[in-house]
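Structure record follows, encoded as structure tokens.
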Amino acid sequence: MRGQEARDQAGRKAAMATLAQSSGDDIVRLWNVSGLPVEAELLRGPETGLVTMRGRIGGGGAPFNVGEATVTRATVRLASGQVGHCYALGRDKQKARLAAIADALWQDPGHRHEVETRLIAPLQATLTEARDKRRAETAATKVDFFTMVRGED
């Protein structure tokens, strides 16, 4: 039983990471064509606030406050009882609400496959495409100094 719980937790974490990294416009666009329900009771938010970001010099030094970031959070409950949460960087309240609903739907075994195939997989594909494009653009500017002729005689 513990193994299944760990897999479920890892799957939920991956789904929420995808939603957090995706743009609100992409989430809304896919949600509108997915047929997923949007009915949910708002328990908290969506509301926007600040969180303190902490850092460490070299990854292991003493922690220090780097600054603050704007975060929007939402918590919803479906009629079936599942509770979903979302914390997302930025001020997009609609993104936070839909991501919280997606989290709650993902927890329902009856909706999990739909959420994964209609929402998460297309968002992952979009993120991967954008990441690959950025890597290709960066690679095009790479200079290999070891192949340059030095002019030694």
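The values are calculated or read from the model by the stated rules, or taken from the named source; none is laboratory data. Keep in mind that what you see is a predicted model, and the values were worked out from it rather than measured. Every residue, glycine as well, gets a Cβ built from its backbone with ideal geometry; the counts of neighbours run over all protein chains shown.
Some observations on this one:
- Selection within region 111-134 - among the acidic types (Asp, Glu) and touching a residue at least 60 places away in the same chain (Cβ under 8 Å): Glu114, Glu116
- Search result, residues across region 78-96 that are crowded, with 24+ Cβ neighbours inside 10 Å and either assigned to a helix (DSSP H, G or I) or among the hydrophobic types (A, V, I, L, M, F, W, C) (or both): Cys86, Ala88, Lys95, Ala96
- Among the residues of region 9-30, those identified as of a type in the set (Gly, Ala, Ser) and either farther than 16 Å from Arg73 by Cα or in a helix (DSSP H, G or I) (or both) are Ala10, Gly11, Ala14, Ala15, Ala17, Ala20, Gly24.
- Boolean, Ala130 is at pLDDT below 90 and closer than 19 Å to Ile27 by Cβ: yes
- Qualifying residue in region 57-71 (condition: under 30 Å from Gln4 (Cβ atoms) and either touching a helix residue (DSSP H, G or I) at 6+ places or on another chain (Cβ under 7 Å) or modelled with pLDDT of 90 or more (or both)): no
- Residue that is surrounded by the fewest Cβ atoms within 10 Å (Cβ to Cβ), among those in region 24-40 that are touching a Lys or Arg at 6+ places or on another chain (Cβ under 8 Å) and within 18 Å of Arg131 (Cα to Cα): Gly24
- Test for Gly55: is it assigned to a strand (DSSP E or B) and in contact (Cβ under 8 Å) with a residue 12 or more places away in the chain: no
- Hey, Arg131 farther than 17 Å from Ala40 by Cα and in a helix (DSSP H, G or I) or not: yes
- Which listed residue, of Thr75, Thr70, is without any contact (Cβ under 8 Å) to a residue 40 or more places away in the chain, surrounded by fewer than 17 Cβ atoms within 10 Å (Cβ to Cβ), assigned to a strand (DSSP E or B) and of a type in the set (S, T, N, Q): Thr70
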